[in-house]
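Student: Handing you this structure, nothing more for now.
The values are calculated or read from the model by the stated rules, or taken from the named source; none is laboratory data. A quick note: this is a predicted structure, and the numbers were derived from the prediction, not measured. Note that we place each Cβ from the backbone using ideal geometry, even for glycine, and neighbour counts take in every protein chain shown. Side chains are part of the model used for accessible areas, which takes the heavy atoms of the whole protein and leaves out ligands, DNA and RNA. Shrake-Rupley method; radii C 1.70, N 1.55, O 1.52, S 1.80 Å.
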Amino acid sequence: MDLHTNQIGMENFIVSARKYRPATFDTVIGQGSITVTLKNAIRNNQLAQAFLFCGPRGVGKTTCARILAKTINCEHITENIEPCNTCKPCLSFNTTASFNIHELDAASNNSVDDIRNLVDQVRIPPQIGKYKVYIIDEVHMLSQAAFNAFLKTLEEPPSYAKFILATTEKHKIIPTILSRCQIFDFKRISVEDIAGQLAFVAKNEEVTADEDALHIIAQKADGAMRDALSMFDQIVSFAGNDLTYETVIRNLNVLDYDYYFRIVDSILNSDISGALLTLNEIIDNGFDSQHFITGLGEHLRDLLVCEDPATLKLLEVGASIRYRYHEQSARCSVDLLLKALDINGKADINYKSSNNKRLLLELALMQMCSVLRSKDSSIKDTDSLRSIPPAKKEDKAPSHAPVPSPDQGKQVISGISKPPAVTGNGTIKSPIKGTGFSIKERMENNKLAITNLQNNQNGSTDLVEKLDTPFSQEDLEKSWKDFSDPLSETHPILYATLTRRKPQLKEDFVIEFAIDNKVQEDEIRKAEVLAHLRRQLRNDLIRMITVLTNDQHDLKPYTPMEKFKKMAGKNPDIITFKEKLDLEIDF
């Protein structure tokens, strides 16, 4: 008996996407502008011959087409331009027995013969009602010949014939069809609208559902109401009549918000270990790494949205989650979020081409965690300098340099005459006029200074000479050559860039190097070159700047066209020779 009852219940079950399919214009979700336009066209008797409904899947294209077909055939349209559901055309439509409304699936009926059969049917006027309506779904699947066979009928149909075309790919429809249709672009349904409709369905189905759970379903649906209702049925089958946030994320394999909040907390605390452990937990739980990096980008974007009250409406989450976003965004600066988004975006771009995807994600997280740490690095390095024990008394200063006083100890170690001033953009301004270097360069200087001081304590050469030893252009070129020569076999492109021109020594130990383009600026490994020059020339105040040059006359020709132009520049008769013999340059 129980088994028989269950079988009857299964036979009578209707999926929510069909059961709650809108039957009137007022019940269509998220397409208010389109439904108002269609109702006004019916009211003013200004119906077009053909309509084209285009937009993403599950947003109501076919539903609106059916409602329009039913409404214009209704014999007693209400004042609100809705079908009466009592006349013969309405009753026949409700029982799927209408001879006035024809639906054609162009995906499986896309040949010329199918369109010819449709054209033959158009010639027969309706027996009941005013219009014969042809709804052609997935119209972009029609062949080129079928489109051409359909053109004339679509342009000059009988007065009683109306065509409603629906497609998800408007760009595949030929322009001659588009010009004969009134086009309506359906938009994705918002998360709030989908969540509201899901709440209505849950109430009718006597299902208890958390607001956050419905928002997760709405976000996963990506603007499609049909997808949202299908997921709702799936989760109800899994969890019964009690839908919780945990149930939904477990069934839909969605990463919990809590993971992303923990990741951002680790970034704020510069806790690399915590971020890596959270990532390991996510991977161990079976989540796809690509989904994680996409979700982290969305989470950082939502935090950025919370920074300005004007953009809060762009935050599409539940009430309780919204409070957590507000709380965490209050601790995040816009600069931090933008840098983290930039790192996340680069990792997302490089994800598919990476051979070690996990390492790529871990490096991205470590870079994010180091954003705040790098801002405080100059202070931390200064503190570490103070912890270095003073030099032994028996160590003597060089005869050519003045003996520093105890109050000048920090000045000698840092290599400058007074504490550096930090500018607004995070760079350290040198007290020497016309010079300045970034925090990163300052860290390198301090580390080198620590090494020099320790070497000095062990009896090596004097400290002051290593920090600001003067050098000549010849010394610079020799040191530059020592760095570039070993690269001739291992990195020939870098070697060619470094040896193409000579570095020029300017005032205050500034080294100027001319480059041809921005790509070379990334190739020359400025940090490595600086470290080599400072170490070999014993001068920590060296700075390096690159200058773009327009001097292209000495560029080596690579392509056949470049070689031909260079030869023609030296001997113009080559051009005449080429033209008279009608020669072509071999590419």
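Student: Could you work out the Kirkwood radius for the range 204-351, taking every pair of different alpha carbons, averaging 1/r and inverting it, reported in Å?
Tutor: Numbers: mean 1/r = 0.0607 Å⁻¹.
The Cα-based Kirkwood calculation yields 16.5 Å.
Student: Counting Lys and Arg as +1 and Asp and Glu as -1, what is the net charge of the other residues whose Cβ lies under 15 Å from the Cβ of LEU303?
Tutor: Values: positive: ARG262, ARG301, ARG322, ARG324, ARG331, LYS339; negative: ASP258, ASP265, GLU298, ASP302, GLU307, ASP308, GLU316, GLU327, ASP335, ASP342.
Net local charge, LEU303 excluded: -4.
Student: Something else now. What FRET efficiency, computed as 1/(1 + (r/R0)^6) with R0 = 56 Å and r the Cβ-Cβ distance, is obtained for GLU562 and LEU252, rounded to the nearest 0.05?
Tutor: Details: r = 57 Å, r/R0 = 1.02.
That gives a FRET efficiency of 0.50.
Student: Subtract the Cα-Cα distance of GLU75 and PHE238 from 0.36 nm times their separation in residues, and report this length gain in nm to one decimal. Can you show the working numbers first?
Tutor: Numbers: separation 163, 0.36 × 163 = 58.68 nm, distance 4.50 nm.
So the chain would gain 54.2 nm between GLU75 and PHE238.
Student: Follow-up question, since we're still on this one. Over 30 Å between C-alpha atoms is what I'm after, so list which of LYS61/LYS132; LYS506/LYS566; LYS478/LYS563; LYS88/LYS152; LYS203/LYS313 land there. List each step's numbers first, then the result.
Tutor: On the way: LYS61/LYS132 19 Å; LYS506/LYS566 34 Å; LYS478/LYS563 33 Å; LYS88/LYS152 32 Å; LYS203/LYS313 26 Å.
Violating the 30 Å Cα-Cα cut-off are LYS506/LYS566; LYS478/LYS563; LYS88/LYS152.
Student: Net charge around LEU315, counting only other residues with Cβ within less than 10 Å of its Cβ (Lys, Arg = +1; Asp, Glu = -1)? Let's see the in-between values first.
Tutor: Numbers: positive: ARG301, LYS313, ARG322; negative: ASP302, GLU316.
My count for the surroundings of LEU315 gives +1.
Student: How are the alpha carbon pair distances in the range 87-208 distributed across 5 Å bins from zero to the largest one, expressed in percent?
Tutor: For the range 87-208, the binned pair fractions read 2, 9, 16, 18, 14, 13, 11, 7, 6, 2, 1 percent.
Student: Turning to a different aspect of this structure: For the range 171-252, how big is Rg over Rh, using alpha carbon atoms and the Kirkwood form of Rh?
Tutor: Numbers: Rg = 16.6 Å, Rh = 14.0 Å.
That ratio equals 1.19.
Student: What is the sum of charges, Lys and Arg at +1 and Asp and Glu at -1, for the other residues whose Cβ falls under 12 Å from the Cβ of ILE29? Provide the component values of the computation, followed by the final result.
Tutor: Numbers: positive: ARG21, LYS187, ARG188, ARG226; negative: ASP26, GLU192, ASP193.
Charge balance in the 12 Å sphere: +1.
Student: Something else now. Give a quick list of GluC sites (Glu not before Pro) in the range 154-233 that DSSP marks as loop, anything other than H, G, I, E or B, with at most 14 other Cβ atoms within 10 Å.
Tutor: Within the range 154-233, the qualifying GluC sites (Glu not before Pro) (loop, at most 14 other Cβ atoms within 10 Å) are GLU169, GLU206.
Student: Label-point separation (nm) for GLN127 and LYS578, each offset 7 Å from Cα along Cα-to-Cβ?
Tutor: Each label point is offset 7 Å from its Cα along the Cβ direction, giving 7.8 nm.
Student: Leaving ligands, DNA and RNA out of it, work out the accessible area of ILE29 with a 1.4 Å probe and give it in Å² to the nearest 10.
Tutor: 40 Å²
Student: Assuming a viscosity of 0.692 mPa s and a temperature of 37 °C, what translational diffusion coefficient in µm² per second does Stokes-Einstein assign to the range 261-337, Rh being the Kirkwood radius over Cα pairs?
Tutor: Values: Rh = 13.3 Å.
D = 247 µm²/s.
Student: Sorted by packing (mean other beta-carbon atoms within 10 Å per residue), highest first, where do 477-490, 125-138 land?
Tutor: Details: 477-490: 13.9, 125-138: 19.1.
The densest-packed peptide leads the list: 125-138, 477-490.
Student: On to the next question. If r is the Cβ-Cβ distance from ALA48 to ILE545 and R0 is 56 Å, what FRET efficiency results, to the nearest 0.05? Let's see the in-between values first.
Tutor: On the way: r = 65 Å, r/R0 = 1.17.
Here the calculated transfer efficiency is 0.30.
Student: Need one value: the accessible area of LYS19 in square angstrom, 1.4 angstrom probe, rounded to the nearest 10.
Tutor: Solvent-accessible area, nearest 10 Å²: 110 Å².
Student: With all protein chains present and a 1.4 Å probe, how do SER179, SER270 order by accessible area, largest first?
Tutor: Values: SER179 90, SER270 25 Å².
Ranked from most to least accessible, the order is SER179, SER270.
Student: Which one, ALA195, ALA209, ALA149, projects farthest toward the positive side of the charge dipole computed for the range 119-223 from Cβ point charges (K/R +1, D/E -1)?
Tutor: Sorting the options by dipole projection puts first ALA149.
Student: Additional query: How much length is gained if the chain between ASP475 and GLU327 is pulled fully straight, taking 0.36 nm per residue apart and subtracting their Cα-Cα distance, in nm to one decimal? Display every interim value, and only then the final one.
Tutor: Details: separation 148, 0.36 × 148 = 53.28 nm, distance 5.71 nm.
So the chain would gain 47.6 nm between ASP475 and GLU327.
Student: Can you pull the accessible area of ASP540 for me, 1.4 Å probe, Å² to the nearest 10?
Tutor: 10 Å²
Student: Give me the number: length gained by fully extending GLU281 to LEU312, i.e. 0.36 nm times residue separation minus the C-alpha to C-alpha distance, one decimal in nm. The partial results should precede the final answer.
Tutor: Working: separation 31, 0.36 × 31 = 11.16 nm, distance 3.09 nm.
Extending this stretch completely gives an extra 8.1 nm.
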